[in-house]
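A short worksheet on the structure shown next.
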Amino acid sequence: MNEHSALPPSTVQRNYHKGVFNGAVFALGEAASNPGLVLSLLVRQLGGSLTLVSLLPVIQMTGYLLPQLLVGGRIQALTYKLPVYRRFAVLRLIAQCAVVVACFFAGIIPHEWALIAILVSYALFNYGGGVTTLSFQDVVAKTIPVEHRGRFFGTRQLIGGLLAFAVGGPLVRWLLSAESPLAFPYSFAAIGLFSLLCYASAMAVFATVKEPPAERTTPAISMAAAIRGAPLMLRNNPDYRNYILTRLFLVVGRLADPFFIIYVTEQLGLPKSMAGVFIATVAVSAAISNIVWGRLGDARGKVWLLRLTTTLTVIPPLMMVLASSVQAIAPDFLVVWLLMLSLIAGTANDGINIASNTYLLEISPPDERPLYMGLANTLLGIGAVVPIIGGFLVSGIGYTPTFIIAAFFSTIGMLITRLLLKTTPRPTP
């Protein structure tokens, strides 16, 4: 019996629509406060170093991933996971409120204090996200039929991309332009407030999803026990192991992402409002690609989709390597070149998200799903610490070599996807 079959079809459909609303509106808020674009500019304008800029995606990734092994073994013992989501959603909204307040007061307190408050609050927001993500994924697995999950995640990202293109990108571009009615740092406070409203709406709707009870649960496992059992889980499930290796190399391959906007504005001389252009371009590329990614993933398989989209991740850092040459040879073409880069990045990242979310659900045994997801995401969280060296690399060897190193790691991740074989769960003995 499928887990979602415990619910009547009308409830399954309502849950589907609520999940889509949640993903789309949350994506709009995330696009507006993009750590690789908007927050990077905020940190630089507050006097933060390049190393501090490189810390932003590390905070985001480790926040979402590291706590999951800590709580995964305990969550799997719960009959209902949605109450956990609700409690930590409240924590996240409080943290985002603190980010907005810190941005507002950055105009009247020392910038160092504002930076500390923003980074601490941003960390709390993301570490709370690690817990909500784990419970969210388990609820999705119990409420969305496996044959519709690719379309589910694809639709979330499609609508979210369209909203980011039509609303998020233009809003950021306007607020950070010379025509903005708000001066720094109040323009960033307004962006943070907009994101807060999106997050609150998205999480409030998902909190009302009807969750069926787990068909069966396993006893709670402590983090120490989960760590001791990790080698066996990895050894006995090659697809699970290679999936994690693929994601690890892709995470490290994004060590240069926060410096794209810094390089464009500080080295190539383009205006800071380009952040809004990037947001809109990434969003529309994600929207266009999501028309096909979800359905292709369901039809051709998640392994096929992972192989295709990981190949695309190699291209953006290499295009950034060539950006200065493009500016020297054809200055008028530079913006078009960067828009093409953003289109490819948005297409690749959203395709990987769809394939990864659905593939991990498929290869995780249902009764141990939170533990499997927790271990995978915690290992990815450890790997996510590595990109902090991006700031040191840029300071030490420059932008271009850093972009080349990023492309190298993405290439390794792409090659490992050739080792993935199955899309059905393989239980651990």
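Contact map, segment 237-257: residues that are in contact (Cβ under 8 Å) with a residue 12 or more places away in the chain paired with residues that are among the aromatic types (Phe, Trp, Tyr) and in a helix (DSSP H, G or I), Cβ distance under 6 Å, separation 6+ or inter-chain. Pairs shown: 249/409; 252/409; 253/409; 256/403. Selection of segment 256-306 for residues being surrounded by fewer than 18 Cβ atoms within 10 Å (Cβ to Cβ) and assigned to a helix (DSSP H, G or I) yields 266, 267, 291, 292, 295, 299, 300, 304.
For every residue, the table says whether it meets (1) modelled with pLDDT under 85; (2) within 24 Å of the chain's Cα centre (by Cα); (3) within 30 Å of residue 11 (Cα to Cα).
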site	(1), (2), (3)
236	yes, no, no
241	no, yes, no
271	yes, no, no
281	yes, yes, no
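Within segment 47-70, if we keep just the residues that are buried (at least 21 other Cβ atoms within 10 Å of the Cβ) and over 18 Å from residue 388 (Cβ atoms), the residue that is modelled with the highest pLDDT turns out to be 67.
Report whether or not residue 350 is acidic (Asp, Glu) and either more than 30 Å from residue 137 (Cα to Cα) or in a loop (DSSP other than H, G, I, E, B) (or both). No.
With out of contact with any Phe, Trp or Tyr (no Cβ under 9 Å at 6 or more places or on another chain) and either in a helix (DSSP H, G or I) or in contact (Cβ under 8 Å) with a residue 12 or more places away in the chain (or both) as the only criterion, which of 201, 177 stands out? Show your work before the answer.
Values: 201 fails: out of contact with any Phe, Trp or Tyr (no Cβ under 9 Å at 6 or more places or on another chain).
After applying the criteria, what remains is 177.
Quick grid of which residues meet (1) within 29 Å of residue 164 (Cα to Cα); (2) at pLDDT 80 or above:
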site	(1), (2)
325	no, yes
336	yes, yes
357	yes, no
362	no, no
365	no, no
375	no, no
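With (1) assigned to a helix (DSSP H, G or I); (2) over 18 Å from the mean Cα position of the chain (by Cα) as the list, and residue 92 as the residue in question, which single condition is left unmet? It fails just one condition, (2). Taking residue 318, is it modelled with pLDDT of 85 or more, in a helix (DSSP H, G or I) and surrounded by fewer than 24 Cβ atoms within 10 Å (Cβ to Cβ)? So residue 318 passes the test. Test residue 350 against the criterion of being among the charged types (D, E, K, R) and modelled with pLDDT under 75, and give yes or no. For residue 350, the condition - among the charged types (D, E, K, R) and modelled with pLDDT under 75 - is not met.
Residue 247 falls short of the stated requirement of being assigned to a helix (DSSP H, G or I), more than 17 Å from the chain's Cα centre (by Cα) and not hydroxyl-bearing (Ser, Thr, Tyr).
The values are calculated or read from the model by the stated rules, or taken from the named source; none is laboratory data. Since this is a predicted model, take the numbers as computed values, not measurements. Don't worry about glycine lacking a Cβ; one is built from the backbone with ideal geometry, like all the others, and counts go over all protein chains shown.
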